[in-house]
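Computed from the coordinates by the stated procedures, all read-outs in this text should not be read as laboratory data. Just so you know, these numbers come straight off a predicted model, no measurement behind them. All Cβ positions, glycine included, derive from the backbone under ideal geometry; neighbour counts span all protein chains shown.
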Amino acid sequence: MRVIRRISAVLIGFLFFLAGVLKLMDPVGARLVVEEYLKFLHLYFLMDISGVIGSGMALLETLVGAALITGVWRKIAAIVTGVMLVGFTALTAFLYVKNPHMDCGCFGEAIHLTHFQSLVKNLILLALWALAFLPFRKLEITRKVKYVSFPIAAVSVCLFLLYSSVNIPLVDFTPFSPGAELMLPEDIIDPTDDRTPTLSISDADGEYVDERLVEGDLIAVSVYQPDKLKAAQWESIRQVMEDAAAVGFRPMILAAATPEMMESFGLAPEMVAATYYADPKKLITLNRSNGGAAFLQDGLVVTKWHIRHLPDRERLSDLAAEDVTESLLSENNSDRVKLQGFLLYVFAVMLLL
């Protein structure tokens, strides 16, 4: 029975930890999920701190998972986990009854569950929790070394969140992930499918010019909050557009704004002329970084960059000369390896130390 209790606690811990890490890897996505919940619950006054709530909840979930895996402070961890599971279960039950058109966001963009699936998952976790921790008087004593492994894991998780805050997600689970091919709106079979990689853009005259996204080699800069960009960041965007044009790419800015707003920022005429307009939700899905860039070849998403790490002319020149398949592998596989290495390291610390 002792082994079963321990396995149950570790299973809950693994699920909490992985769910938390997937959201920590994508803080912008976590914020969007929280915003959906706040709208559904009519808690609009919390919108300004939705990002803090999203990252905070993801961090709490991850640290609780680490505590369950390592077995530290078992009674406190059991109480916190129980409260969280009861809250999650009540919320998912409410969602199941109301059935709004939204995702639970349990695993970020990696796994999408229906409201019924989310409810069943939480009920199973509650059953595992009861098996793992009831009655409290039978909880085991934690080995002292685990009070060393947990802080190491906790610090690593916090550093991971810091890294994710200034980079695009290491693994992209959105419909616009590298390797996805953009579809024109007229080619969509099911317009209600949110996972279809489609993006509609218009020019300054309001004419839709979606076909320009699937023609040739593009460097597309996504600006979903233009008023949030600083002068130095606009300069970085101008520089990458100049470098892209110099090596044979067609640069464009995809902005969630009006032509008048773009002109009000005092941008160079060539930047305003290369600006197209799109829905902010689509732009934030295309690239999580406000002002980040994406390389598209005939509508194929090849790679993306955060605004802090926009490519220089030499890198763009190399991309222009490389085969697109080679570019896909070289630009994106290294990030997957980083995530896998991080997870292996943290799990090794928690389980083996």
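Using θ = phi - 60° and the Karplus curve 6.51 cos²θ - 1.76 cosθ + 1.60, what whole-Hz ³J(HN,Hα) does each residue of the range 152-160 get, with Gly and Pro shown as x?
Those phi angles translate into 4, 5, 5, 5, 4, 5, 5, 5, 5 Hz.
Report ³J(HN,Hα) in whole Hz for each residue of the range 74-81, in order, from the Karplus equation J = 6.51 cos²θ - 1.76 cosθ + 1.60 where θ = phi - 60°; Gly and Pro get x.
In residue order, the calculated couplings are 4, 5, 5, 4, 5, 5, 4, 4 Hz.
Provide the per-residue ³J(HN,Hα) series for the range 84-94, in order, calculated from phi with Karplus coefficients 6.51, -1.76, 1.60 and θ = phi - 60°, each as a whole number of Hz, with x at glycine and proline positions.
Here the 3J(HN,Hα) series is 5, 5, 5, x, 4, 5, 5, 5, 5, 5, 5 Hz.
Using only Cα atoms and rounding to the nearest 10 degrees, what angle (0 to 90) does helix 50-70 make with the longest principal axis of the chain?
For 50-70 against the chain, the angle is about 40 degrees.
If you take the charge dipole of the range 169-256 about its Cα centre, with +1 on Lys and Arg Cβ and -1 on Asp and Glu Cβ, which of Gly206, Met183, Ser222 is farthest toward its positive end?
Of Gly206, Met183, Ser222, it is Ser222.
Looking at (1) 2.42; (2) 0.95; (3) 1.11, which value of Cα Rg over 2.2 N^0.38 Å comes from a calculation on the structure shown?
Evaluating Cα Rg over 2.2 N^0.38 Å on these atoms matches (3).
Give me Met47, Met183 ranked fewest to most by other Cβ atoms within 10 Å of their Cβ, as a rough exposure proxy.
On the way: Met47 14, Met183 18.
If I rank by nearby Cβ atoms, fewest first, I get Met47, Met183.
Show which aspartates and glutamates lie in cross-link reach of Lys75 when reach means a straight Cα distance below 19 angstrom and same-chain residues fewer than eight apart are skipped.
Glu61, Glu140
For the range 295-353 and the range 56-77, what is the separation of their Cα centres, given in Å?
30 Å
Roughly how tilted is helix 2-24, in degrees to the nearest 10 and between 0 and 90, from the longest Cα axis of the chain?
Result, in degrees: 20.
Which of the lysines could a cross-linker bridge to Lys282, judged by Cα under 29 Å and excluding same-chain residues fewer than eight apart?
Lys23, Lys39, Lys98, Lys228, Lys230, Lys304, Lys338
Between beta-carbons, use under 10 Å as the cut-off and find the net charge around Gly108, counting Lys and Arg +1, Asp and Glu -1.
-2
Taking every DSSP beta bridge with both residues inside the chain, roughly what % is antiparallel (nearest 5)?
Rounded to the nearest five, the antiparallel share is 60 percent.
Phe88: net charge of surrounding residues, Cβ under 11 Å, Lys/Arg +1, Asp/Glu -1, itself excluded?
With Lys, Arg at +1 and Asp, Glu at -1, the neighbours total 0.
Only loop residues by DSSP count here, and only those with at most 16 other Cβ atoms within 10 Å; note down the GluC sites (Glu not before Pro) in the range 118-227 that meet that.
Those that pass, being in a loop and sparsely packed, are Glu140, Glu207, Glu215.
Return one number: the angle in degrees, 0 to 90 and rounded to the nearest 10, between the long axis of the Cα atoms of helix 231-246 and the longest principal axis of the Cα atoms of the chain.
Once rounded, the angle reads 60 degrees.
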